[in-house]
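Everything on this sheet refers to the single structure shown next.
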Amino acid sequence: MLRLIRQRLVYKLFLSYLFIILIGIIVLAASAEFAIPAAFDHHLSAMMGDQRMGMGMGMSMMDDLYGNYRNAVSEALTRAALAAVFAAVIVSVFVSRKVVAPVKEMMRASQRIAEGKYGERVDVPSSQINGGLDELSQLALAFNRMANVLEQTEQMRIQMIGDVSHELRTPLTTIQGNMEGLMDGVLEADQRTYQVIYQEAGRMKRLVDDLQELSRVEAGAFTLDLNPVSVLDLVDEVKDRLQPQFDEKDIKLFTDVQGDIPLVLADRDRIVQVLLNLVGNALQYTPPGREVTISVHQNGGDVLVEVKDSGIGISPEHISNLFTRFYRVDKSRSRAGGGSGIGLTISKHLIEAHGGRIWAQSHGFGEGSTFTFALPVDRSDHSKS
Ligand code: ADP
């Protein structure tokens, strides 16, 4: 019995209503027993006053009157109690149906999701959406949101396997083709052939390294060696490292520092890695003769680093996906440049691990792009803040 009550919401609701009705009856019965006689006497005396005596109303008549009144009250109480119990049964069945039906639907949907049917959703009546959501509808909406995320994650997992095999197949096919050519004597065993094989092997190694790094940062399996760091030093370091490639492509690389820049608490190698990714992308996606600017300034409690290029730009519909792994705006172009669409995903994880944010802006294709990251100022640095 107790188990049945525990398992069924309808019984729990009914018992709670019954409990409230019981309290009501006890209070009413107690007041009928203790408070009403005196009140009855008091009101009757006030009403009739001396008439009682004049009319010769004796004590026995008063008792009769009171006895009848008491019976009437008890009768009314019993009827009210029966009506209340009946109402409790109806209301508890109705409410439990209202509550249990959507909960059962969510249970069924979650079971189907567990079986791998990720398209499963629960209904939220549109009247509820327009007229304000109760807790159950909010739960249903949260459930649907969770199902959306699960579905996306699953799709990304499937796409990732496809992308990785595709990315590995391209260099592997080239290496295999060249090796076959060498074995058949179709290709000459010269510097050029070895160079192609070497480059493709390098491409595969880069991809495997990127994948390993991606899985590490996505799993949070890395530690940050946090120290007070000057972002300006890191920008200078990256500028020095990439300057020869900018010179080679005839792109000007500028830095622009506004005001005093406080230190940030950061892992310098990780921030250099992010800067290399952003400035390297700017170099890759900017045509010769144009320019790239790295600017640094403080904005409230953050140090902002902006990498602005005058390159091919990004159409608005791509902006929100740039930080998704393997996402490339122009797949053929970035693949030819060795890009696998992983760099920005890694950068995002690294910046967020520092408690910062990273985002991209562009006025559209051909309009250049700006990638910005914000790192919180080191609170222990009192020298400049
Ligand atoms: P990739 O290794 O392909 O460059 P990223 O994750 O660093 O990978 O970048 C993802 C995609 O974002 C690139 O393939 C490119 O389409 C786009 N992108 C990144 N930076 C720029 C930029 N400065 N200008 C235009 N497109 C960019």
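The values are calculated or read from the model by the stated rules, or taken from the named source; none is laboratory data. Because the structure is predicted, anything quoted here is derived from the model rather than measured. Because the Cβ atoms are built from the backbone with ideal geometry, glycine has one as well, and the counts that use them run over all protein chains shown.
Values as computed for the structure displayed
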{"item": "Some residue of region 329-350 being more than 12 Å from the ligand (Cβ to nearest atom) and of a type outside the set (S, T, N, Q)", "result": "yes"}
{"item": "Qualifying residue in region 300-322 (condition: more than 31 Å from the chain's Cα centre (by Cα), surrounded by 20 or more Cβ atoms within 10 Å (Cβ to Cβ), within 24 Å of L375 (Cβ to Cβ) and not charged (D, E, K, R))", "result": "no"}
{"item": "Qualifying residue in region 9-29 (condition: part of a helix (DSSP H, G or I), in contact with a Gly (Cβ under 9 Å, 6 or more places away or on another chain) and more than 30 Å from N144 (Cα to Cα))", "result": "no"}
{"item": "Within region 312-321, considering residues that are touching a Gly at 6+ places or on another chain (Cβ under 9 Å) and within 9 Å of the ligand (Cβ to nearest atom), the one farthest from H349 (Cα to Cα)", "result": "I312"}
{"item": "Residues satisfying the stated conditions in region 209-224, i.e. in a helix (DSSP H, G or I) and in contact with a helix residue (DSSP H, G or I) (Cβ under 8 Å, 6 or more places away or on another chain)", "result": "D210, L211, E213, L214, V217, E218"}
{"item": "Any chance V274 is within 15 Å of the ligand (Cβ to nearest atom), buried (at least 21 other Cβ atoms within 10 Å of the Cβ), more than 27 Å from V217 (Cα to Cα) and touching a residue at least 40 places away in the same chain (Cβ under 8 Å)", "result": "no"}
{"item": "Test: residue in region 170-182 that is within 20 Å of V208 (Cβ to Cβ), assigned to a helix (DSSP H, G or I), out of contact with any helix residue (DSSP H, G or I) (no Cβ under 9 Å at 6 or more places or on another chain) and not β-branched (V, I, T)", "result": "yes"}
{"item": "Members of region 240-269 found to be surrounded by 13 or more Cβ atoms within 10 Å (Cβ to Cβ) and of a type in the set (S, T, N, Q), listed by number", "result": "Q245, T255"}
{"item": "Qualifying positions in region 12-43 - charged (D, E, K, R) and within 44 Å of the chain's Cα centre (by Cα)", "result": "K12"}
{"item": "Single condition S74 does not satisfy, out of (1) more than 30 Å from I36 (Cα to Cα); (2) of a type in the set (G, A, S); (3) assigned to a helix (DSSP H, G or I)", "result": "(1)"}
{"item": "Sole residue being modelled with pLDDT of 95 or more and either under 28 Å from the mean Cα position of the chain (by Cα) or not small (G, A, S) (or both), chosen from Q273, Q258", "result": "Q273"}
{"item": "Residues that are more than 11 Å from the ligand (Cβ to nearest atom) and more than 13 Å from L344 (Cβ to Cβ), drawn from region 365-377", "result": "A374, L375, P376, V377"}
{"item": "Residue among D309, D267 that is more than 10 Å from the ligand (Cβ to nearest atom) and touching a residue at least 24 places away in the same chain (Cβ under 8 Å)", "result": "D267"}
{"item": "Residues (at pLDDT below 90 and either among the β-branched types (V, I, T) or loosely packed, with under 15 Cβ neighbours inside 10 Å (or both)) located in region 331-355", "result": "K331, S332, R333, A336, G337, G338, I342"}
{"item": "Residue ranges of helices (runs of 4 or more DSSP H) in region 239-352 with at least 2 members touching a Phe, Trp or Tyr at 6+ places or on another chain (Cβ under 8 Å)", "result": "268-284"}
{"item": "Flag if S295 is under 27 Å from G162 (Cα atoms), more than 7 Å from the ligand (Cβ to nearest atom) and at pLDDT 90 or above", "result": "no"}
{"item": "Test for L82: is it closer than 30 Å to R6 by Cβ and touching a Pro at 6+ places or on another chain (Cβ under 6 Å)", "result": "no"}
{"item": "From the options A201, A189, A142, residue that is among the hydrophobic types (A, V, I, L, M, F, W, C), surrounded by fewer than 15 Cβ atoms within 10 Å (Cβ to Cβ) and part of a loop (DSSP other than H, G, I, E, B)", "result": "A189"}
